[in-house]
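See below for the structure under consideration.
The values are calculated or read from the model by the stated rules, or taken from the named source; none is laboratory data. It should be emphasised that the depicted structure is a prediction, and the values quoted were computed from it without experimental measurement. As a convention, Cβ positions derive from the backbone with ideal geometry for all residues, glycine included, and neighbour counts pool all protein chains shown. Accessible surface is based on the protein model in full, side chains and every heavy atom, while ligands, DNA and RNA are left aside. Shrake-Rupley method; radii C 1.70, N 1.55, O 1.52, S 1.80 Å.
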Amino acid sequence: MDKSALRECVWNRLEDDGLARFPFPPHGRISNFKNAAAAAERALELPELADADAVKANPDSPQLPLRRGLLTQGTTVYMAVPRLRDERCFVALAPAELDDLDAAPTVSHMDEYGRQVRPEALPELDAIVVGSVAVTESGSRVGKGEGFSDLEYAILRERGLVGDETTVVTTIHEVQLIEEEVETARYDVPIDVICTPKRTIRTDAGEKPDGIFWASLSEESVS
């Protein structure tokens, strides 16, 4: 099964089994899912996140409880500007500077509460939180197909802010954990830790991409 067909299969399963949560439909996005908050609680128990000073996190709905939890415990969260459309392509959310920790890490309010910064303004990161459409137990990830999550990682890797040792965490529903083999490209970032509402899985993901593979980027990504 190729990635496109796999995405459709997972999105359909989330919808047909009543596991998807707002926003609807689950298709075409990093889908919100039932008990996402429980998966977030598991992730917050990870030492890589519990003791983190700075974490880069995706802006999608299912990881909102995790972003809120990170801010509440005092971790500075860096969210990417959607589609990396600005030169200052990350938004810094520092808990001490925020007066509403619930609203600040939402995609609709992050610009209001946070500070847009260039990649070189970020510190060395303790961990990365990503959203996923599907993940294998070995850590192969399928995103929604646009490639921006991998590009964000590559930008940070180019600047020495993340490395192979930087833990990449995702939260998903159990039905998004798949047995099928997934063919990955050299720019695909593997997952180190998978948290579902029921369990935590540490993978043997191995090495991560060591920078930007310019030849693999679309014209939109380069521009």
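Would you mind calculating the relative contact order of the chain from Cα pairs under 8 angstrom and at least 6 residues apart, reporting the percent as a whole number?
Details: 449 pairs, mean separation 47.7, N = 223.
Here the relative contact order equals 21 percent.
Specify whether the C-alpha gyration tensor of the chain places it in the rounded, prolate or oblate class, a ≥ b ≥ c being the square roots of the eigenvalues: rounded for a/c under 1.5, otherwise prolate if a/b is larger than b/c and oblate if not. Display every interim value, and only then the final one.
Numbers: a/c = 1.40, a/b = 1.15, b/c = 1.22.
Note, shape of the chain comes out rounded.
How big is the antiparallel share of DSSP beta bridges in the chain, given as a percent to the nearest 5? Walk me through the numbers on the way to the answer.
Values: 13 of 29 bridges.
Once the DSSP bridges in the chain are tallied, antiparallel ones form about 45 percent.
Would the stretch 94-173 count as rounded, prolate or oblate if I go by the C-alpha gyration tensor, calling it rounded below 1.5 in a/c and otherwise prolate when a/b exceeds b/c, oblate otherwise?
Numbers: a/c = 1.97, a/b = 1.35, b/c = 1.46.
Judged from the Cα gyration tensor, the stretch 94-173 comes out oblate (a/c at least 1.5, b/c at or above a/b).
Counting only protein heavy atoms, what percent of the accessible surface of the stretch 141-182 is carbon or sulfur at a 1.4 Å probe? Don't skip to the answer; put the middle values down first.
Working: 600 of 1600 Å².
In the stretch 141-182, the share of accessible area belonging to carbon and sulfur is 37 percent.
For the chain, with every protein chain kept in place, what is the accessible area per residue (1.4 Å probe, Å²)?
Using a 1.4 Å probe on heavy atoms only, each residue of the chain averages 47 Å².
Using a/c under 1.5 as the rounded threshold, could you call the stretch 42-133 rounded, prolate or oblate? The axes a ≥ b ≥ c are square roots of the C-alpha gyration tensor eigenvalues, and prolate needs a/b larger than b/c, oblate otherwise.
On the way: a/c = 1.32, a/b = 1.29, b/c = 1.02.
Cα axes put the stretch 42-133 in the rounded bin.
Are there GluC sites (Glu not before Pro) in the stretch 20-109 that DSSP puts in a loop and that have at most 16 other Cβ atoms within 10 Å, and which ones? Walk me through the intermediate numbers first.
Details: sites: Glu41, Glu45, Glu48, Glu87, Glu97; in loops: Glu45, Glu87.
Of the GluC sites (Glu not before Pro), the ones in loops of the stretch 20-109 whose Cβ has at most 16 other Cβ atoms within 10 Å are Glu45, Glu87.
Taking the convex hull of the Cα atoms, report for the stretch 112-223 its projected area averaged over all directions, in nm². Before the final figure, lay out the partial values.
Numbers: hull surface 32.8 nm².
Over all viewing directions, the stretch 112-223 projects a mean Cα-hull area of 8.2 nm².
Long-range amide H contacts for Phe33: which residues qualify at under 5 Å (H placed 1.01 Å from N, peptide plane, sequence gap of 5 or more or a different chain)?
Long-range HN contacts for Phe33: Arg21.
Rank-order 27-34, 176-183, 58-65 by packing density, defined as the average count of other C-beta atoms within 10 Å over each peptide's residues, highest first. Display every interim value, and only then the final one.
Numbers: 27-34: 19.6, 176-183: 14.4, 58-65: 22.1.
Ranked from most to least packed, the peptides come out as 58-65, 27-34, 176-183.
Pop out the ³J(HN,Hα) list for the stretch 34-43 in order, Karplus 6.51 cos²θ - 1.76 cosθ + 1.60 with θ = phi - 60°, rounded to Hz; leave Gly and Pro as x.
Listing the rounded values in order: 4, 6, 4, 5, 5, 5, 5, 4, 4, 4 Hz.
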